[in-house]
Amino acid sequence: MQRFNIGLLLALTAITRAENDCPRIISRSGWGARPSKHVEYMKIPVEYVVIHHTVTPSCSTVSMCVDRVASIHSFHVDTNGWSDIGFSFLVGGDGNVYEGRGWHQVGAHTYGFNRRSVGIALIGEFTDSLPPRIQLEALKSLLECGVKEGELAENYKVLAARQVSATKSPGLALFQEIQTWPDWVENP
């Protein structure tokens, strides 16, 4: 697996955060993504956000999260045969956001909703406990940033993957948490 200069990576991404008041977003090249085999673009601004968890061990440092995202990417591409990582973004327990397919590409995260939603996965398993506060704050900051930059509709709606797919994602504890958010909707 390719290693990166994490100090340089954080210095470069911190500039982005200061300029646009968005969370630190580690680019695809920052975590070593392979090029996508197929790209399909979404209509912007996006109306829905679907929240997932990765059902993997969590991560609390940049190097751990980079390894976890790269592993998920390999699983999606090499095992599932997908053209790229399925999620639009992944949020680590280190407080960073990792770019998957990003704002503009149709993902492979929620069958039937991929063309009209951004799929955001929190790295970890959140059935019995909530993600760390820093992870939840990074997610909320990403959503605010998406609205400010015109990527998400101002009246976007948050859904849990379990609401629109046969899954237990994003875990019961996280599902109960997002039901308290003002942008969560019971029915899409």
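The values are calculated or read from the model by the stated rules, or taken from the named source; none is laboratory data. Note that the coordinates shown come from a computational prediction; the quantities given were computed from them, not determined experimentally. Here the Cβ positions follow ideal geometry from the backbone for every residue, glycine too, while neighbour counts run over all protein chains shown.
Looking at region 74-111, which of its residues are out of contact with any Pro (no Cβ under 6 Å at 6 or more places or on another chain), among the β-branched types (Val, Ile, Thr) and not in a helix (DSSP H, G or I)?
Ile85, Val91, Val106, Thr110
For the subset of region 47-60 comprising residues that are farther than 13 Å from Gln135 by Cβ and out of contact with any Pro (no Cβ under 7 Å at 6 or more places or on another chain), which member is surrounded by the fewest Cβ atoms within 10 Å (Cβ to Cβ)?
It comes out as Pro57.
In contact with a Ser or Thr (Cβ under 9 Å, 6 or more places away or on another chain) and at positive phi: which single residue out of Gly107, Gly102 fits that description?
One residue alone meets the criteria, Gly102.
Can you find a residue that is among the small types (Gly, Ala, Ser) and modelled with pLDDT under 95 anywhere in region 1-13?
yes
Look through region 74-117, keep the residues that are among the polar types (S, T, N, Q) and in contact (Cβ under 8 Å) with a residue 60 or more places away in the chain, and return whichever of them is nearest to Glu40 (Cα to Cα).
Result: Gln105.
Among the residues of region 54-73, count how many are more than 18 Å from Tyr111 (Cβ to Cβ) and assigned to a loop (DSSP other than H, G, I, E, B).
6
Given the conditions (1) within 26 Å of Ser27 (Cβ to Cβ); (2) in contact with a strand residue (DSSP E or B) (Cβ under 8 Å, 6 or more places away or on another chain), report the number of the one that Ala160 does not fulfil.
Among (1) within 26 Å of Ser27 (Cβ to Cβ); (2) in contact with a strand residue (DSSP E or B) (Cβ under 8 Å, 6 or more places away or on another chain), Ala160 violates only (1).
Mind listing just one residue for me: the one in region 112-134 that is at pLDDT below 95 and assigned to a loop (DSSP other than H, G, I, E, B) and, of those, surrounded by the most Cβ atoms within 10 Å (Cβ to Cβ)?
Phe113
Test Glu137 against the stated conditions and say whether it is in a helix (DSSP H, G or I), over 22 Å from Gly100 (Cα atoms) and acidic (Asp, Glu).
Spelling it out, it is not the case that Glu137 is in a helix (DSSP H, G or I), over 22 Å from Gly100 (Cα atoms) and acidic (Asp, Glu).
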